[in-house]
Amino acid sequence: VDFLKRLGCGVVVVQNCSISNPGHYVNVARRVWEWLQVERRYDDYYAENVVGGEKSGVGSNSSGRGTSSSSSQRRTPPKLIQAAFMNQFENLANVQSHYFTTGPEIHSQLNGNVDAFVMSAGTGGTLVGTGGYLKEKWWRDHHHYCHNNAAATQLLRGDDDVSSRDNNEHDTTATTSSLLSTTPPRIVLVDPPGSSLFNKVKFGVAYASQQSERKLRRHRYDTLAEGIGLDRITANFGLGCDDIVWSNNNNNDDDVTDGGGKGSFGNRISKLINNETVATTQPNNDQRQSTFSNSQSSKIIDDAISVTDQQAVHMAHFLLRHEGLFVGSSTAMNVVGALVAASEMPRGSNVVTVVCDGGQRHTGRFWNRDFVVEEWGLVWPGDDDGDVVGDDGESAKRKFLKLLGIDFERIQC
């Protein structure tokens, strides 16, 4: 806040509260923007009739004598405040931007070999946009590949005895190595305490125990993490919970980011942004069971992992001591979630997460020892854990993962 003020920004500080409260920061921002939009209607009138009139007109004083306006007397229009309301939670340009940028970047850097994308959600734009791209690209690539390779089709359908029945001595080794993954990438949400998103993904109900009538506080704050976790489903996050038809009918199979193809996720976003009708036709049961039908249907977000504040604190200190990364609470939770996801995946899997915030923005809470210990009752690494976070070596890593509740033997990625 101080940094923004020093840059000359006007900062409105509001209390933490529910989106239903008029004092919620989104609602306040919307009101400020709407007020400025109304006031701007008078800009032209003011400039033309008030300022312009003073520049060219001649006024009269009480004595009736004309007074010519001079350059020193001319008024200039005030510097009017201008504002743009991003509405980042509901504006689907958010998820679209990650579909066109972050998703392709990750896919390119790993040559398409992405087995899981794991991260938390604030607006949900990064998780859903990136996850949607990675899944859609997988379906397009594998549909194209397997239609040109019968052996690969058999492998992906679970036929392990391809080579023994291949009378033409097809090179199944090459076929297998050419396949990046036999299943679409898993898209996994990482959620902090008090957020409803975990249960939405797991059970289809946006609810957290902290929302129970006996426990609910008017201005509640249930996690040390800032900027992630919600008690409502936004337009961006909601897309990740809908069934999406992964159509393979696009003529340009090599480029998902053209937004083309009937039923493609990119095309769906564009239509929603333009308020066009989106087809809701879903594949039938035969299509759902067939690995290579022209259409497949699934949700973008496959699973959710709940991470505690204590796990995030331990991870942040570990990354600082061992990797030299001074991260914020969201990043710490993302990395914990990635490790949990990795422990549940086969050897050699590529698990991707996002380092999305720096610790310099979290010195008041997350990196404030007194606040963490006295206000939240958590352990500050190095105080009571035998400095497990700061130890080196494989045995220390085992202890650290145990501290996080993760089985070291299962981290094979």
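The values are calculated or read from the model by the stated rules, or taken from the named source; none is laboratory data. Since this is a predicted model, take the numbers as computed values, not measurements. Because the Cβ atoms are built from the backbone with ideal geometry, glycine has one as well, and the counts that use them run over all protein chains shown. With ligands, DNA and RNA removed, areas are computed over all heavy atoms of the protein, side chains included. Shrake-Rupley method; radii C 1.70, N 1.55, O 1.52, S 1.80 Å.
Any chance you could count how many residues in the stretch 295-314 are assigned to a loop (DSSP other than H, G, I, E, B) and farther than 30 Å from His142 by Cα?
Of all residues in the stretch 295-314, those assigned to a loop (DSSP other than H, G, I, E, B) come to 300-302, 307-308.
Cutting the leftovers down to farther than 30 Å from His142 by Cα gives us 307-308.
Qualifying residue count, the stretch 295-314: 2.
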Starting from residues that are touching a residue at least 12 places away in the same chain (Cβ under 8 Å) and among the acidic types (Asp, Glu), keep the ones in the stretch 86-115 and report whichever is nearest to Ile228 (Cα to Cα). Glu90
Taking the criterion of being open to solvent by 70 Å² or more (accessible area, probe 1.4 Å), at negative phi and modelled with pLDDT of 70 or more, would at least one residue in the stretch 378-388 satisfy it? no
Looking only at helices (runs of 4 or more DSSP H) that fall completely inside the stretch 196-280, which ones have 2 or more residues that are at pLDDT 90 or above and farther than 20 Å from Arg186 by Cα? 265-273
The correct count of residues that are hydroxyl-bearing (Ser, Thr, Tyr), surrounded by fewer than 23 Cβ atoms within 10 Å (Cβ to Cβ) and touching a helix residue (DSSP H, G or I) at 6+ places or on another chain (Cβ under 6 Å) in the stretch 317-370 is 2
Scan the stretch 56-77 and tell me whether some residue there is in a helix (DSSP H, G or I) and modelled with pLDDT under 90. yes
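For the stretch 1-26, which residues satisfy the criterion of being under 30 Å from Ile233 (Cα atoms), assigned to a loop (DSSP other than H, G, I, E, B) and either touching a residue at least 12 places away in the same chain (Cβ under 8 Å) or of a type in the set (Gly, Ala, Ser) (or both)?
Within the stretch 1-26, Val1, Gly10, Val12, Val13, Val14, Gln15, Asn16, Cys17, Ser18, Ile19, Ser20, Gly23 meet the criteria.
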Filter the stretch 110-147 down to residues that are open to solvent by less than 10 Å² (accessible area, probe 1.4 Å) and of a type in the set (Lys, Arg) and give me whichever is farthest from the chain's Cα centre (by Cα). Arg140
Considering each residue of the stretch 222-247, count those that are of a type in the set (Gly, Ala, Ser) and over 18 Å from Gly131 (Cβ atoms), and give that number. 2
